[in-house]
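Inspection log for the structure reproduced underneath, given as structure tokens.
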Amino acid sequence: MKRTTVAKQLLTDGPVSTGIVHLGLGNFHRAHQAVYTAQAGDGWGILGVASRSTAVADAMNAQDGLYSVLELSPAGSSISVPGVHTGAIVAAGNPAAVVDAIAAEPTRIVSATVTEHGYCMDPGTHRLDLDRVAEDLHATPRTVIGQLARALERRATTHQAPITVLNCDNMQSNGTQTHSLVLEFLQAAGSTAVDWVAEHVTFPNSMVDRIVPATTDAYRNTAAELLGVRDRIPVPAEPFTMWVMEDRFAAGRPAWERGGAIFSAEVEAYELLKLRLLNGTHSLIAYLGALDGRATIPESRGADFIESAARAVLEDDYLPTVTLPQGFELKPYVDSLFDRWSNHALGHRTQQVGSDGSVKLPQRVPEPALQLLNQGVMPEHLALTVAAWICCVVPLSGFDPGPHAQAMVDPARKRLGALAAQSRSTEDLVRAVLTQVFPTELAESNDFARRVAEYVAVVTRDGVRAAARVAARSRTSRPQASPAA
């Protein structure tokens, strides 16, 4: 695919120079930040860095940096070509090149979508897991935090040009958290760049939102029909897109507001809305759907018992724990969530949404659960969320969660599977999993652990629909937990 071939679909005439290095060349970045950068239209180019897979990088380089974004909805499909990438590299094959690119003086922003797992953060303490970055302290770094820290260190000792680190992953206070992790790495490495980073590097918080499923041959065929040319790596996406961030950029930025980006001092409020109402509810839909044999989120949301559970976790367990941004209209937002989860044209798969639960759920469940427990209220559907995830990823011996659950990828699956083999009872397993994955305060809540264990037992014995019925009955009675001391 050459630039002249698809000129009428291009969102921009092309980048002038590389000002952004983006870590994580997956579908989300290519349908989100890249599109906003194209719509800004001010010449900022992006060097894309894939983590391990060469497939997307090779295809982009073969296609002159181009690919298409296929917007899908029940009303129809449309297609566009962002055209802002100046190149693509693979970190695993050449980690030194990643450090070089971030450290280069023309680079003014380094952004990232590497999932929560990519930041080497201990989910219990939210501090840097030094065991995972140990090799990076003494060799060419291969982790994202190591690469960021070493590149910033090089900038500090060479040209000293300022830069912005923009985390675009689903982490609460993601910029603040990334700043802390980078500083912890530099301190562990005995670096002299800590003070320079504090003065010359900004880490704005951001919130991103767009449902972007995996690419399939069916999407490739649709893209080819609309483009009239074969694209090896089209990105399917829903029409909805949202980006909220703090306007703290040390060396300038694209005019992302031209594409609809929102610059706000209330990013954390938007983050919590998204992390809990969208992401948290989305996870429950995925786990219940997978356990019920449903391949996609629209199929899952279409089941009455899953829609009821989704509304219950959103309204009863998540919503009371968030503060709305000033002027935010809640009802249209909630209505839009259920419309988005009903987009059959998109067909977001339960196995994709349910993957990495051991990293995602600690970002979404503990704080709202503890708020309610401290009020003497049992967060029934949060307990059901954790139980359904356990049943999908760490099933008890003899229980088959089905093919969609088995296909979920989780970095803790093997480690937690060993716990399942050693556990003498359902409650033993649940307590062991909570201790391994969740913060200590929640893991040590006897009330919460028992309720999660009860739901695991019901799913295992009577099925996921029975567990959802138990949770639904609790919605009207709201059984009380023992108030926290």
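How do the pairs read when you match residues in the stretch 255-266 that are without any contact (Cβ under 8 Å) to a residue 40 or more places away in the chain with residues anywhere that are in a loop (DSSP other than H, G, I, E, B), using Cβ under 7 Å and keeping only pairs 6 or more apart or on different chains?
Close Cβ pairs (under 7 Å, with a partner that is in a loop (DSSP other than H, G, I, E, B)) amount to F263/D247; A265/E246.
Determine which member of the set E105, E116, E184 is open to solvent by 40 Å² or more (accessible area, probe 1.4 Å) and charged (D, E, K, R).
Result: E105 is the single residue among E105, E116, E184 that is open to solvent by 40 Å² or more (accessible area, probe 1.4 Å) and charged (D, E, K, R).
So A218 passes all but one of these: (1) surrounded by fewer than 17 Cβ atoms within 10 Å (Cβ to Cβ); (2) at pLDDT 95 or above; (3) among the hydrophobic types (A, V, I, L, M, F, W, C). Which condition number does it fail?
Tallying (1) surrounded by fewer than 17 Cβ atoms within 10 Å (Cβ to Cβ); (2) at pLDDT 95 or above; (3) among the hydrophobic types (A, V, I, L, M, F, W, C), A218 fails exactly one: (2).
For residues that are charged (D, E, K, R) and out of contact with any strand residue (DSSP E or B) (no Cβ under 8 Å at 6 or more places or on another chain), scanning just the stretch 223-263, find the one that is surrounded by the fewest Cβ atoms within 10 Å (Cβ to Cβ).
The qualifying residue surrounded by the fewest Cβ atoms within 10 Å (Cβ to Cβ) is E225.
Considering only the stretch 157-191, how many residues are in contact (Cβ under 8 Å) with a residue 12 or more places away in the chain and part of a loop (DSSP other than H, G, I, E, B)?
13
Test A457 against the criterion of being aliphatic (A, V, I, L, M), open to solvent by less than 50 Å² (accessible area, probe 1.4 Å), touching a Phe, Trp or Tyr at 6+ places or on another chain (Cβ under 6 Å) and more than 19 Å from G357 (Cα to Cα), and give yes or no.
no
Pick out, from the stretch 376-470, the helices (runs of 4 or more DSSP H) lying fully within it that include 2 or more residues that are out of contact with any Asp or Glu (no Cβ under 6 Å at 6 or more places or on another chain) and aromatic (F, W, Y).
Passing ranges, in order: 446-462.
Name, by its number, the condition in (1) under 22 Å from E427 (Cα atoms); (2) open to solvent by less than 10 Å² (accessible area, probe 1.4 Å) that does not hold for L337.
(1)
Of all residues in the stretch 12-43 being outside any strand (DSSP E or B) and over 25 Å from the mean Cα position of the chain (by Cα), which is surrounded by the most Cβ atoms within 10 Å (Cβ to Cβ)?
Once the filter is applied, the top-ranked residue is P15.
Just to check your reading of the model, which residue among A388, A345, A383, A407 is at pLDDT 95 or above and touching a Leu at 6+ places or on another chain (Cβ under 8 Å)?
Exactly one residue qualifies, and that residue is A388.
Can you tell me how many residues within the stretch 347-357 are assigned to a helix (DSSP H, G or I) and either open to solvent by less than 10 Å² (accessible area, probe 1.4 Å) or without any contact (Cβ under 8 Å) to a residue 60 or more places away in the chain (or both)?
Residues flagged as assigned to a helix (DSSP H, G or I) and either open to solvent by less than 10 Å² (accessible area, probe 1.4 Å) or without any contact (Cβ under 8 Å) to a residue 60 or more places away in the chain (or both) within the stretch 347-357 amount to 3.
The values are calculated or read from the model by the stated rules, or taken from the named source; none is laboratory data. Computed from a predicted structure; not experimentally measured. Glycine gets a Cβ as well: all are built from the backbone with ideal geometry, and neighbour counts include every protein chain shown. Areas reflect the complete protein model, heavy atoms only, side chains present, ligands, DNA and RNA absent. Shrake-Rupley method; radii C 1.70, N 1.55, O 1.52, S 1.80 Å.
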